[in-house]
Amino acid sequence: MTEPALERDPFSYEIQRSEEEWRALLSKEEYTVMRDRWTELPRSSDLWDDYREGQFSCRGCGLHVYSSDWRVPLDKGWVFFAHAEPMTVMTDIDGPQASYGMDPNGPGNMIEVHCRRCGSHLGHILIVDGKLVHCINGASLVFHPSQA
């Protein structure tokens, strides 16, 4: 079963692009993650174990959405944060993911995190090892290291 494409809703995002513009801006993998709402493979992003100080922006629009100050060190293969920067992300309901071994016809909805400025899918809010975290795809982020 394939996961649904990012549906357009009545909410009007500040940054709006045509599908052609999104495809020109993003690589195939980035498009699949951010616009089709997929999850990258674990450890496929260079950011998953990079704990340098800095800021993380949405790859789709450049909005500063996360800070290294709120990174959570979990060895699971994605980028984890305790929370986002204020007023930067929105949530939605994301149905059960077959790719996670969930029954697509059963319960198990997840909380999707997406950019409040452009609507791009960033990841999910999950409980991992007893911690409530934002589990974010590295493909959705651009890292800006702090100046030394």
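Details
- Residue 60 fulfils the conditions (1) open to solvent by less than 40 Å² (accessible area, probe 1.4 Å); (2) farther than 12 Å from residue 119 by Cα except for a single criterion, (2).
- Any hit, the stretch 101-111, residues being modelled with pLDDT under 95, part of a strand (DSSP E or B), open to solvent by 50 Å² or more (accessible area, probe 1.4 Å) and out of contact with any strand residue (DSSP E or B) (no Cβ under 6 Å at 6 or more places or on another chain): no
- Identity of the residue in the stretch 82-99, more than 29 Å from residue 54 (Cβ to Cβ) and open to solvent by 40 Å² or more (accessible area, probe 1.4 Å), that ends up modelled with the lowest pLDDT: 99
- Residues satisfying the stated conditions in the stretch 11-43, i.e. among the small types (Gly, Ala, Ser) and under 30 Å from residue 75 (Cα atoms): 27
- When each of 57, 68 is tested for being more than 10 Å from residue 142 (Cβ to Cβ), in contact with a strand residue (DSSP E or B) (Cβ under 7 Å, 6 or more places away or on another chain) and of a type in the set (Ser, Thr, Tyr), the lone residue that passes is 68.
- Scanning the stretch 19-57 for residues that are under 14 Å from residue 120 (Cα atoms), open to solvent by 60 Å² or more (accessible area, probe 1.4 Å) and in a loop (DSSP other than H, G, I, E, B) gives a single hit, 38.
- Residue that is farthest from residue 14 (Cα to Cα), among those in the stretch 63-79 that are open to solvent by 50 Å² or more (accessible area, probe 1.4 Å) and part of a loop (DSSP other than H, G, I, E, B): 75
The values are calculated or read from the model by the stated rules, or taken from the named source; none is laboratory data. Keep in mind the model is a prediction, meaning the values are calculated, not measured. Counting neighbours? That spans all protein chains shown, and the Cβs are built from the backbone with ideal geometry, glycine included. With ligands, DNA and RNA removed, areas are computed over all heavy atoms of the protein, side chains included. Shrake-Rupley method; radii C 1.70, N 1.55, O 1.52, S 1.80 Å.
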